[in-house]
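The values are calculated or read from the model by the stated rules, or taken from the named source; none is laboratory data. Predicted, not measured: the structure shown is a model, and the values here were computed from it. Here the Cβ is made from the backbone with ideal geometry for all residues, glycine too, and neighbour counts use every protein chain on show. The accessibility values were calculated without ligands, DNA or RNA, using every heavy atom of the protein model including side chains. Shrake-Rupley method; radii C 1.70, N 1.55, O 1.52, S 1.80 Å.
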Amino acid sequence: ANQVVRDVKLVEGSGWDSEGSVRQWYFVAGGKLETCKEMMEKVNDKDRTIVYKLVEGEIMKAFKSWNSILNVMPMGEGSLVKWTMEFEKQNDDVPDPVKYGEFLTTWAKNVDTYLLNV
């Protein structure tokens, strides 16, 4: 996923997969390098869902709130991954977050390609 993710670091918490942990992301969206901090807000093992909440970064200048929800559903011999973006714009003049949707799509495809070749 190095075409869109430049770096990610754990900056708070006891581990990468623990609720409340915070990660600092360095990524490319819309051709521009950006950073953000995201907190792993909720993990639901039964539903195979993780909710990530953005808590800092350029994106928060345009959005009051932003949650990315990852859901993994078994499908055949593999799984189907569904990303949902929930956000509230700072105002009506803020454009739709197309570049962030494109970032997540590209990142997910890169992870899929990597996993298929492991």
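The residues 58, 12, sorted by heavy-atom accessible surface at 1.4 Å with ligands and nucleic acids left out, run 12, 58 from largest to smallest. For residue 17, the solvent-accessible surface computed with a 1.4 Å probe is close to 130 Å², ligands and nucleic acids excluded.
Which order do you get for 32, 109 if you rank them by accessible area with a 1.4 Å probe, largest at the top?
Reading off the accessible areas and sorting them downward yields 109, 32.
Between amide H atoms placed 1.01 Å from N, distances below 5 Å from residue 13 occur with 22, all of them 5 or more places distant or on a separate chain. Express the relative contact order of the chain as a whole percentage, based on alpha carbon pairs under 8 Å and six or more residues apart in sequence. The value is 18 percent. Scaled to the globular estimate 2.2 N^0.38 Å, the Cα spread of the chain, given as radius of gyration, is 1.08.
Model label points for residue 105 and residue 10, set 7 angstrom from Cα along the Cα-to-Cβ axis, are 3.3 nm apart.
With protein chains left intact and a 1.4 Å probe, residues in the chain average 66 Å² of accessible area per residue. The listed residues 103, 63, once ranked by accessible area (1.4 Å probe) with the largest placed first, stand as 103, 63.
Taking the chain as the reference, fit the longest principal axis to its C-alpha atoms, fit the long axis of helix 98-116 to the helix C-alpha atoms, and give the angle between the two in degrees, 0 to 90, nearest 10. The angle comes out at about 20 degrees.
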